[in-house]
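A.B. asks: Sending over a structure as C-alpha cells; questions will come in a sec.
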Amino acid sequence: MSNVNKKNEISKLNMLKKDIVGTVENKLDILRSEGKLHVPEDYSPSNALTSAWLNLQGITAKVGNEYLPALEVCSKDTIANTLLDMVTQGLTPSKKQCYFIAYNKSLNLQRSYFGDLAVMKRLNDVKSVNANVVYDKDTFEININEDGSKSITHKTNFESLGTDIKGVYCVINFTDGT
C-alpha cells in the first residue's frame, strides 16, 4: 500500500471515528445531563470508547466468502448503538470485559465472563463473586435445605487438577451474609 493510500485510509478512519464516536459521546452527554445515565466512579467512558475504537479496527465481518473490516460493512447505527451499550454497562474492551461481533451488517456487543464480574461487583449489595470449577475426581454435592435454599459441598484435591471438567458454578456473597 502506498503512502498516499495509507494516508487516505487513516483520514477515512478518523472521519468515521469522529462521526460515530462523536455521536455516541453527544448522546452520553445528553443522557448524563438528563440524569438518565450514571457511570461507575472507576469507569472512564472516554477511555472505553478509545479502546473500543482501536479494537473495532481489527474486527471483521463475513460477507459471502470473504472477511471485510466490520467498520466498512456494519451500519453506523449498529456501531454507535453497540458503543452506547458498552458504556451504559460500564464495560471496557481493553480489560476483556466485552467483545464486538459482526453479524451480517450489524455490530453486536457480547459481555464476557470478566464483564459479568465487573457488573456484578458494582451492585451495592454484592460483597464477592467466586467462580469454581468442578473436576472429574472432585466430590460435589448440592443439598436442598428445608427453606428451599441450596447449599454446596465441594471437595477437591491435587489429583483432580487437570482432569476433565464436570461443571462450573458461581457463589455470590451478599453484604447481608447470604
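A.B. asks: Residue check: is V87 crowded, with 18+ Cβ neighbours inside 10 Å and either more than 25 Å from L123 (Cβ to Cβ) or in contact with a Gly (Cβ under 8 Å, 6 or more places away or on another chain) (or both)?
C.D. replies: No; evaluated as a whole, the condition is false for this residue.
A.B. asks: Run down I79, I20 and say which single residue is of a type in the set (V, I, T), in a helix (DSSP H, G or I), at pLDDT 90 or above and farther than 21 Å from V119 by Cα.
C.D. replies: I79
A.B. asks: If L161 passes every condition in (1) surrounded by 11 or more Cβ atoms within 10 Å (Cβ to Cβ); (2) within 17 Å of the chain's Cα centre (by Cα) but one, which one does it miss?
C.D. replies: (2)
A.B. asks: Now a separate question. Pick from the stretch 107-126 the residues that are open to solvent by 40 Å² or more (accessible area, probe 1.4 Å) and either in contact (Cβ under 8 Å) with a residue 60 or more places away in the chain or not in a helix (DSSP H, G or I) (or both): which of them is nearest to P40 (Cα to Cα)?
C.D. replies: It comes out as R122.
A.B. asks: For the stretch 110-129, which positions are among the polar types (S, T, N, Q) and either touching a helix residue (DSSP H, G or I) at 6+ places or on another chain (Cβ under 7 Å) or under 19 Å from G177 (Cα atoms) (or both)?
C.D. replies: Result: N124, S128.
The values are calculated or read from the model by the stated rules, or taken from the named source; none is laboratory data. Given the structure is predicted, the values throughout are model-derived calculations rather than measurements. Please note: Cβ atoms are built from the backbone with ideal geometry, for glycine as well, and neighbour counts cover all protein chains shown. Only protein heavy atoms, including side chains, enter the accessible area calculation; ligands, DNA and RNA are left aside. Shrake-Rupley method; radii C 1.70, N 1.55, O 1.52, S 1.80 Å.
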